[in-house]
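Worksheet: the structure to be examined is printed underneath.
A short reminder: the numbers here are calculations on the coordinates, not readings from a lab. Small disclaimer: the values here were computed from a predicted structure and weren't measured. Neighbour counts run over all protein chains shown; Cβ positions are idealised from the backbone, glycine included.
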Amino acid sequence: MSIEANFPLGFVKKSRGLKGELLVSLISANIEFEERIRTVWLGNSANHLRPWNVEYLRIQGSSAFLKLNDVNSRKEADYLKGINIFIPGSWIIHNSPVQFIGYQVYSEPDHEYIGEVYEVDDRDPQKRLIVKTESGEMIIPLVDEFIRLIDTRKRQIQVTLIDGMDQ
């Protein structure tokens with residue numbers, strides 16, 4: 001069975017302690033998982049990943065402490081500094097807007113490509129998609145007035161933009 005690790009969980013910020021524990025900077029403080037994480041995929045991009053077995057993953061706010069089974073010293077952990085961590089998007093509880101990271105965003109009615117969701121700002125009651133565009137970034141409120149369609153199968157979001165929101 002092939003598992004697609006397409007959700008960027010975060011990146012290794014630094015090593016912690018002497019036994020190979022990693023401090024991970026998470027993309028969001030509000031990630032919830034369907035079940036206990038037993039495997040993560042490490043790499044510089046989603047196209048070049050290697051699976052690693054997880055001894056434990058403890059989330060604390062917007063950080064996590066990660067211990068990989070085959071990393072047993074500070075020196076080994078230091079080697080992983082800055083590397084990205086991915087998991088399958090299906091492991092995220094889907095009532096959380098962080099599931100939309102990596103979705104392609106298109107405008108309605110012309111279906112023009114805007115960019116890709118690379119962050120979800122969920123710190124305030126008003127959740128917002130942060131979309132990486134060709135010219136920078138765009139912030140789109142996650143409300144019905146702007147979000148017209150979310151296609152989870154195609155990983156696409158259709159939005160209606162108003163004056164002042166354009167790229």
> Dimensions of the chain along principal axes (Cα, Å, largest first)?
Replying inline: 54, 35, 28
>> Report the gain in length on full extension from F33 to E108: 0.36 nm times residue separation, minus Cα-Cα distance, nm rounded to one decimal.
In response: 23.8 nm
>> Let me confirm the definition first: pairs of Lys residues in the chain, 8 or more apart or on different chains, C-alpha distance under 13 Å. How many are there?
In response: 6
> What is the gain in length, in nm to one decimal, between E55 and Y79 on full extension, counting 0.36 nm per residue of separation less the C-alpha to C-alpha distance?
Replying inline: 6.8 nm
> If you build a Gaussian network model of the chain, linking Cα atoms that sit under 10 Å apart, which residue out of V54, V98, V143 swings the most?
Replying inline: V143
>> Can you tell me, using C-alpha contacts under 8 Å and at least 6 residues apart, the relative contact order of the chain as a whole percent?
In response: 21 percent
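How much net charge surrounds L22 when only the other residues with a Cβ under 9 Å from the Cβ of L22 are counted, with Lys and Arg +1 and Asp and Glu -1? Please report the intermediate quantities before stating the final value.
On the way: positive: K13, K14, R16, K67, K81; negative: E21.
So the environment of L22 carries a net charge of +4.
Relative contact order for the stretch 97-159: what percent, with Cα pairs under 8 Å and sequence separation of 6 or more?
On the way: 122 pairs, mean separation 19.4, N = 63.
Contact order relative to length: 31 percent.
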> Taking the C-alpha atoms of the stretch 7-91, how large are the radius of gyration and the largest Cα-Cα span, Dmax, in Å?
Replying inline: 11.6, 33
> Dipole of the chain (Lys/Arg Cβ +1, Asp/Glu Cβ -1, origin at the Cα centre): which of F86, Y103, Q158 lies farthest to the positive side?
Replying inline: F86
> Distance in nm between label sites at R148 and E134, each 7 Å beyond Cα in the beta-carbon direction?
Replying inline: 2.0 nm
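As a check on your grasp of the helix formula, calculate [θ] at 222 nm for the chain: sum -39500 (n - 2.57) over DSSP H runs of n ≥ 4, divide by the residue count, round to the nearest 500.
It comes out at -1000 deg cm²/dmol, rounded to the nearest 500.
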